[in-house]
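To start, the structure itself, in structure tokens.
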Amino acid sequence: MIQRFLMLLGLLASLLLSGTTGWATPQNDASRLSQPFASGVWEQILDLYRNDRHEETLEQLRVLLNAPNLEPIMKRRAWLLAGKSALALNRPQEARVFFEEVNDPKLEDFDLWLYYRIKAHLVAGEHSRAIYLLQLLLDHPANSYYFTRIQQDLLEHFRTTAERRQLFPLLEYATLHPRMLFRNFQVYQQYVEASKLYGVEVPFEIHLLAWQYPKDEESAKQVNRILAKHKRRNVPGKAVLNRVHRLAGLKLNRYLMQHLPKLAKGRKFKVRRKLGEVYVQILLNKRYFSKLLKLQQQDVLAQLYGFSKPEQLYWVMQANHGLDRTLPARSAVYQLERANKKSWLLPNAYQRMALHYMQKGDRKKAGFWWRRLVQRFPEHNHAPEAYWKLAWYHYDQGGYKYAINSFKQGLESGQLGLEGTARHLYWLGKTQLKLKHRKSAQSSFRKLVKFYPNTYYGVRIRNEDPLLVPKSAKPRILKTAWHRSPPPPTAREEQLIRRCDFLLSVDEPELAMGKLRARLRRESTHALVWEASLLLHRYGQYHDLMRLAGNHYLVDLKRQSVQGQVWKFAFPRAYWDLIQEAAKKSGIDPYFALAIMREESLFDPRALSRSKAMGLMQLMPFTAKEEARRQKIRLGTREAVFDPRINTRLGTGYLGRLAKRFQDKLILTAGSYNAGPSNMKRWLKRWKGLSVDEFVETIPFLETRNYVKRVYRSFRIYKRIYQS
């Protein structure tokens, strides 16, 4: 204890002598950001807090607060984090002392102090005072950032009848702005029960809001019965659509199938159409193809939902495909052509027919429908896929001249996009080499490297076949790229960044990102994007940084050379210490594990996929248990798999075993990580003799095919950024 105390005093002394208030960061762009403690003291304290070592956090914060000449901003940080630590230790009275140090409503972060004062009163059981402050928070301009937290607090701290009596005035006040709290069905239930205690009737608008946002099938039925009693009250079409989207999100498809026809009756045409689209999609997803055909024959699709004849024919085609009835499906497409040759549904129908024949292994007939698509709708967004399928069909059959013509037609269409254009250039060059047209091939590769250097195909040709690329071919430097020289932020933007800096420094990332996203939705200026990127990178908020990069950087980066800070935003070394340690034990390149983590979860430690894959490395439950058994790690609960350290160890260990099984071949290892080693082994046996490039394009799972390309690209770019 004495040694730790002396160490902290030494760190504080170095801080005061240095006369600085920030972490060590480059003085160019990051200098405008508030920098808590160059010596790393605050970072150490924050790590203690994040690791739930709250007694030690409080101990160090008390020493810090006794330091002379401590800046006001640092005092506020220390007070807030000390209060949060005391709350975590269930010492609300002590926490309240810290939270009440700031009581100035004019402060830009006063809403946060107000919320934690409420929290302290609730934990202490002082409900009356908490309710008074809650009303102040609901009136605050920043109230929307706290709605979810307030809802959770109300459910946690107001459970008994007496407590609900206390809560009723606040809930009654909230009815003036119902969306604040009553989109949470459990809060709605609290209000209904409290209203009964006082003999007060619940307003129809509150019932209507709960009807739109039920929590499950039982609550959906319950509020539907309540609304049925208000037959004379009009339910707006928007409310109906909100309810349907909510029920669809809850995957209550069986209930929706019964509910939708009743909802559609008497509605306006636009609402009925949207309800019909949801209904038909459910029928297709649940494979009720015969029922869909029956509804079409009974004219229900037209009478109730207002579908036109071309739309009905399109649904008929899809239903017949589902029943594996090719001739009726084809007949429906021809009828659709006769009904309207320019129908927006025709390109979709052509694509469905082509994919149907490809599944049956009849690529010649599939080619017929792909050609029909590009000939009649060359600018449709399905056209790039059609150009590629036609060209690849000829290449696979050995018709290299036809393949070259198809690749060129696709390039001339101008509809391929960045990755599509890069793919056509790459395979055009490869096909030209098959015919020994080396100069033509080099010309194709030169264009690929110059204009699309950091697409998968640009990275592939430079790393796997560098001798095929002319020496004169170099990635261009886009002088117009704004992030080469980002503009300075405005005063308002600086104020927002300071605010978010404070929030991140006291471990409030959700609030910080809420405020950033709200501003970026209104005005995503280059200056604000850059400053936000610097801030998130500095605080290690990698998932939010990746989302920001995806919206503002990634497309540009595919077309220019690897240089500058922006690449570290798009490809950060997240959880790097954990990855290095785990990769070393598993015998794999740490940048390979980093690339897998980036593509699996975008560095979100709480990521949970639809297939129940968990955490940074997206581990399936069985895989996590098996790997934990091999590494002798006790998981205890399912929640342990989300821990970044455990997840990284398990995922990297599994990746290492796959790498050994597939002779450290990156593409095969990545593909087996995504689709499973048994699938990879079966594909290798089926397509034995193909080159790696040809094998990648032949992988039957679209998700896996795209996944291995993304992992390979990320791996090579990581190596170029940090090891070149």
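The values are calculated or read from the model by the stated rules, or taken from the named source; none is laboratory data. Every value quoted in this text rests on a predicted model; they were computed, and no experiment measured them. A quick note on method: Cβ atoms are made from the backbone with ideal geometry, for glycine too, and the neighbour counts reach across all protein chains shown.
Only one of the numbered conditions (1) farther than 22 Å from Phe269 by Cβ; (2) in contact with a Lys or Arg (Cβ under 9 Å, 6 or more places away or on another chain); (3) surrounded by fewer than 16 Cβ atoms within 10 Å (Cβ to Cβ) is violated by Arg338, and that is (2). State the number of residues belonging to region 662-705 that are in contact (Cβ under 8 Å) with a residue 40 or more places away in the chain and of a type in the set (Gly, Ala, Ser). Looking only at that region, the number is 1.
In summary, helices (runs of 4 or more DSSP H) completely within region 664-724 and bearing 2 or more residues that are of a type in the set (A, V, I, L, M, F, W, C) and within 22 Å of Leu428 (Cα to Cα) occur at 692-698, 702-723. Every listed requirement among (1) touching a residue at least 40 places away in the same chain (Cβ under 8 Å); (2) touching a Pro at 6+ places or on another chain (Cβ under 8 Å) is met by Tyr305 save one, (2). The requirement of being of a type outside the set (Lys, Arg), in contact with a Leu (Cβ under 6 Å, 6 or more places away or on another chain), in the same structural domain as Lys709 (by TED's automatic domain parsing) and touching a residue at least 60 places away in the same chain (Cβ under 8 Å) is not satisfied by Thr652. One residue stands out among those in region 372-423 that are within 33 Å of the chain's Cα centre (by Cα) and polar (S, T, N, Q): the one that is farthest from Ser443 (Cα to Cα), which is Asn381. Condition first: surrounded by fewer than 19 Cβ atoms within 10 Å (Cβ to Cβ) and at pLDDT 95 or above. Now tell me which residues in region 60-92 satisfy that. Ala88, Leu89, Asn90, Arg91, listed by residue number. Residue count for region 60-88, restricted to those that are among the small types (Gly, Ala, Ser) and out of contact with any Leu (no Cβ under 8 Å at 6 or more places or on another chain): 2. Could you list, in sequence order, the residues of region 370-412 that are more than 22 Å from Leu346 (Cα to Cα) and outside any helix (DSSP H, G or I)? Those that are more than 22 Å from Leu346 (Cα to Cα) and outside any helix (DSSP H, G or I): Gln397, Gly398, Gly399. Taking region 101-121 as the range and being buried (at least 18 other Cβ atoms within 10 Å of the Cβ) and either β-branched (Val, Ile, Thr) or not in a helix (DSSP H, G or I) (or both) as the test, the residues that pass are Val102, Asp109, Ile118.
Summed over region 558-577, the residues that are surrounded by fewer than 17 Cβ atoms within 10 Å (Cβ to Cβ) and hydrophobic (A, V, I, L, M, F, W, C) give a count of 1. When you scan region 293-314, do you find a residue that is of a type in the set (A, V, I, L, M, F, W, C), over 25 Å from Lys270 (Cβ atoms) and at pLDDT 95 or above, even just one? Looking for residues that are of a type in the set (A, V, I, L, M, F, W, C), over 25 Å from Lys270 (Cβ atoms) and at pLDDT 95 or above, one finds at least one in region 293-314, hence yes. The set of residues in region 288-346 that are of a type in the set (Asp, Glu) and either on the phi < 0 side of the Ramachandran plot or in a helix (DSSP H, G or I) (or both) comprises Glu311, Glu337. Of the helices (runs of 4 or more DSSP H) lying entirely inside region 523-567, those carrying at least 2 residues that are touching a Cys at 6+ places or on another chain (Cβ under 8 Å) are 526-538. The set of residues from region 568-595 being in a helix (DSSP H, G or I), free of Cβ contacts under 8 Å to residues at least 40 places away in the same chain and of a type in the set (A, V, I, L, M, F, W, C) comprises Phe569, Ala570, Trp576. The residues on offer are Asn463, Asn454, and the sole one that is part of a helix (DSSP H, G or I) and out of contact with any Gly (no Cβ under 8 Å at 6 or more places or on another chain) is Asn463. Only one entry in His526, His543 is of a type outside the set (A, V, I, L, M, F, W, C) and either in the same structural domain as Asn51 (by TED's automatic domain parsing) or in contact with a helix residue (DSSP H, G or I) (Cβ under 7 Å, 6 or more places away or on another chain) (or both), namely His526. Considering each residue of region 193-220, count those that are free of Cβ contacts under 8 Å to residues at least 12 places away in the same chain and in a helix (DSSP H, G or I), and give that number. Count: 2. Hey, could you check region 177-191 for residues that are assigned to a loop (DSSP other than H, G, I, E, B) and either more than 26 Å from the chain's Cα centre (by Cα) or among the small types (Gly, Ala, Ser) (or both) and say which is modelled with the lowest pLDDT? Filtering region 177-191 for residues that are assigned to a loop (DSSP other than H, G, I, E, B) and either more than 26 Å from the chain's Cα centre (by Cα) or among the small types (Gly, Ala, Ser) (or both), the one modelled with the lowest pLDDT comes out as His177.
Leu263 meets the conditions (1) in contact (Cβ under 8 Å) with a residue 24 or more places away in the chain; (2) crowded, with 18+ Cβ neighbours inside 10 Å in every case but one. The failed one is (1).
Could you tell me which residue of region 225-239 is nearest to Leu252 (Cα to Cα), considering only residues that are surrounded by 12 or more Cβ atoms within 10 Å (Cβ to Cβ) and touching a residue at least 24 places away in the same chain (Cβ under 8 Å)? Applying the filter and picking the extreme gives Ala239. In the set (1) over 17 Å from Ala583 (Cβ atoms); (2) part of a helix (DSSP H, G or I); (3) of a type in the set (Lys, Arg), the condition left unmet by Lys660 is number (1). Would you confirm, using the coordinates I've provided, whether Ala349 is part of a helix (DSSP H, G or I) and either at pLDDT below 95 or within 32 Å of the chain's Cα centre (by Cα) (or both)? So Ala349 passes the test.
For Pro475, are the conditions met, namely being over 27 Å from Glu43 (Cβ atoms), outside the structural domain of Leu58 (by TED's automatic domain parsing) and in contact (Cβ under 8 Å) with a residue 60 or more places away in the chain? In short, yes.
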